[in-house]
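A.B. asks: Got a structure for you, written out below as structure tokens; questions coming shortly.
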Amino acid sequence: MLAISRPKHGEQSAVLLCREFRTVSNSDSSMPTIIANQLPLAPLGAGDLIDRAVRLYRLHFGTLLRIAAPPVIVSAVGSVLFSIAWRTIFTTPSGLSLVGYLLLLFGGLGLAAGGHIFSLIVMGGAARNLVTHLLRNEPVSVRTTYAAVRARFWPLLGASVLMLLWIIVSFMVAFFGWYMVVTIVAVVGLVMAQIASPVFLVIGGAIGVISASAFAFWLFFFFVGRVAYVPQVMMVEGKGIFASVGRSFSLARGNVRRLMAMALFSYFTTWSALMILVIPLGWYGYLNGIDPSPWNATQWPAWYAIGYSVLEPLSSIVLAPVWMLGLSLLYVDERVRHEGYDIELMASQHLPEMPQLNVTSPFAPAISQSRPSFVKGPISSGNVLGLR
């Protein structure tokens, strides 16, 4: 009998289990060592999450870019069509041309929106491949990812549409919260204007607007975080759309700060990559007599406007895989924190398969036993949340 004392919230339980097995193995040479790698599974903070996502990104850079490229290319084509139609729709002299440009405008908008939905679908398809790579060291593959997308395309599409609608509603709620706080600050400022100095009012107003923005930012990710794990639950645990949404709600506890850190990191790095691409284009346009400032975008020639509209999707293609990796890491981390996922994984790797019982368990399986047809080959023994 092995007496395993589990710390609160499951922290570092794998380390304790490794020590117990290692002690028994040393005392009895007939019992093999079950755990090959002794790795700490302390919960991931915001810095740890970004660090591990970036390290995994560097290890699989080419493969992840090929996975993220198709939806970004669809969005880029939509942006180009929208840019062409928007520039000519107000200057065309023909009514027939106007109808054609309107159709082109809506077609570009549809492609751009479809590209974003496609990105969510691909993120879901990549979820199982990334999670099994983290847990079982299976290779990250473009073919495996898109085979997963084909296998569960319609459930992923439905889940992606629900997630997109939820994100829109979350943005509206966050904007309403920002508007309410700014309104209260403005009313207080009008009352204080009779007795306070202008400098004090300016400083107080700036603090109020910054506080309102921070509150709206937190509120947005508080709601968006509820559905952050829907693709991972659907692909890893084999659940349906609504069951995946409910499961994601139950898992999403305390992930707001880490999602905010990921969003800020992705935002600044995406804009940095965009500036690297935009500055050479801007200098070239300036040398050819074009004002590159966005405020004069209506005066840009067609080639410059199209080039500028393509650069933003191209910059996002570099950072899109970071979100895939970060959310997969967060999903595993949440299950380690709340459900002892590390212990269950060790059992699933080294013990026979559990018998099928007609009971309902409050926990999901480590990896869904109904392995899809796109997951082929034997399961290799890997490490949990570790990087070689």
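A.B. asks: Kindly check whether there is at least one residue in the stretch 18-29 that is assigned to a helix (DSSP H, G or I), modelled with pLDDT of 85 or more and of a type outside the set (A, V, I, L, M, F, W, C). Outline the logic, then answer.
C.D. replies: To start, the set of residues in the stretch 18-29 that are assigned to a helix (DSSP H, G or I) comprises 18-27.
Subset that is modelled with pLDDT of 85 or more: none.
Within the stretch 18-29, not a single residue is assigned to a helix (DSSP H, G or I), modelled with pLDDT of 85 or more and of a type outside the set (A, V, I, L, M, F, W, C).
A.B. asks: Something else: Looking only at the stretch 150-165, which residues are open to solvent by less than 80 Å² (accessible area, probe 1.4 Å) and in a helix (DSSP H, G or I)? Step through it out loud before you land on a result.
C.D. replies: Just the residues of the stretch 150-165 that are open to solvent by less than 80 Å² (accessible area, probe 1.4 Å), to begin with: 151-153, 155-164.
Within the stretch 150-165, Ala151, Phe153, Pro155, Leu156, Leu157, Gly158, Ala159, Ser160, Val161, Leu162, Met163, Leu164 meet the criteria.
A.B. asks: Right, something else. For the list (1) surrounded by fewer than 23 Cβ atoms within 10 Å (Cβ to Cβ); (2) touching a residue at least 12 places away in the same chain (Cβ under 8 Å), I need the number of the one condition that Gly125 fails.
C.D. replies: (1)
A.B. asks: Another question, then. Can you report the number of residues in the stretch 216-263 which are among the polar types (S, T, N, Q) and touching a residue at least 40 places away in the same chain (Cβ under 8 Å)?
C.D. replies: First, the residues of the stretch 216-263 that are among the polar types (S, T, N, Q): 232, 244, 248, 250, 255.
From the residues that got through so far, the ones that are touching a residue at least 40 places away in the same chain (Cβ under 8 Å) too are 232, 244, 255.
Total satisfying the criteria: 3.
A.B. asks: Might you check whether a residue that is hydrophobic (A, V, I, L, M, F, W, C), assigned to a helix (DSSP H, G or I), touching a residue at least 12 places away in the same chain (Cβ under 8 Å) and open to solvent by less than 30 Å² (accessible area, probe 1.4 Å) occurs anywhere in the stretch 90-103? Reasoning before the result, please.
C.D. replies: Step one: list which residues in the stretch 90-103 are hydrophobic (A, V, I, L, M, F, W, C), which gives 90, 96, 98-99, 102-103.
Within this subset, residues satisfying the condition of being assigned to a helix (DSSP H, G or I) are 96, 98-99, 102-103.
Of the ones still in play, those that are also touching a residue at least 12 places away in the same chain (Cβ under 8 Å) are 102.
If we keep only those that are open to solvent by less than 30 Å² (accessible area, probe 1.4 Å) too, we end up with none.
For the stretch 90-103, residues hydrophobic (A, V, I, L, M, F, W, C), assigned to a helix (DSSP H, G or I), touching a residue at least 12 places away in the same chain (Cβ under 8 Å) and open to solvent by less than 30 Å² (accessible area, probe 1.4 Å): absent.
A.B. asks: May I ask you to list the residues in the stretch 179-227 that are of a type in the set (Phe, Trp, Tyr) and under 20 Å from Ala261 (Cα atoms)?
C.D. replies: Phe215, Phe217, Trp218, Phe220, Phe221, Phe222, Phe223
A.B. asks: Return only the number of the condition from (1) crowded, with 18+ Cβ neighbours inside 10 Å; (2) under 30 Å from Gly45 (Cα atoms) that Gly285 does not satisfy.
C.D. replies: Result: Gly285 fails condition (2) only.
A.B. asks: May I ask you to verify whether Leu109 is farther than 30 Å from Leu56 by Cβ and modelled with pLDDT of 85 or more?
C.D. replies: Details: farther than 30 Å from Leu56 by Cβ: yes; modelled with pLDDT of 85 or more: yes.
In short, yes.
A.B. asks: Separate question: Name the residue that is modelled with the lowest pLDDT, counting only residues in the stretch 221-247 that are among the small types (Gly, Ala, Ser) and open to solvent by 30 Å² or more (accessible area, probe 1.4 Å).
C.D. replies: Initial filter on the stretch 221-247 (among the small types (Gly, Ala, Ser)): 225, 228, 238, 240, 243-244, 246.
The next check asks that each one be open to solvent by 30 Å² or more (accessible area, probe 1.4 Å); those that pass are 238, 240, 243, 246.
On the way: Gly238: 84, Gly240: 88, Ala243: 91, Gly246: 91.
Ranking the qualifying residues of the stretch 221-247, first place goes to Gly238.
A.B. asks: Then there is this: Kindly provide the set of residues from the stretch 193-213 that are of a type outside the set (Ser, Thr, Tyr) and either open to solvent by 60 Å² or more (accessible area, probe 1.4 Å) or assigned to a loop (DSSP other than H, G, I, E, B) (or both), ordered by number.
C.D. replies: Within the stretch 193-213, Ala193, Gln194, Ile195, Ala196, Pro198, Val199, Phe200, Val202, Ile203, Ile207, Val209, Ile210 meet the criteria.
A.B. asks: Let me ask you something else. Could you tell me which numbered condition Trp218 fails, if it satisfies all but one of (1) under 30 Å from Ala147 (Cα atoms); (2) modelled with pLDDT of 90 or more; (3) open to solvent by 60 Å² or more (accessible area, probe 1.4 Å)?
C.D. replies: Going through (1) under 30 Å from Ala147 (Cα atoms); (2) modelled with pLDDT of 90 or more; (3) open to solvent by 60 Å² or more (accessible area, probe 1.4 Å) one by one, Trp218 breaks only (1).
A.B. asks: Only residues that are open to solvent by 60 Å² or more (accessible area, probe 1.4 Å) and touching a Leu at 6+ places or on another chain (Cβ under 8 Å): list them for the stretch 288-322, please.
C.D. replies: Taking the stretch 288-322 and keeping what is open to solvent by 60 Å² or more (accessible area, probe 1.4 Å), we get 288-289, 291, 294-295, 298-299, 303, 308, 312, 314.
Scanning the stretch 288-322 gives Tyr308, Glu312, Leu314.
The values are calculated or read from the model by the stated rules, or taken from the named source; none is laboratory data. Keep in mind the model is a prediction, meaning the values are calculated, not measured. Quick reminder, even Gly has a Cβ in these numbers, built from the backbone with ideal geometry, and neighbours come from all protein chains shown. Side chains included, ligands, DNA and RNA excluded: accessible areas come from the protein's heavy atoms. Shrake-Rupley method; radii C 1.70, N 1.55, O 1.52, S 1.80 Å.
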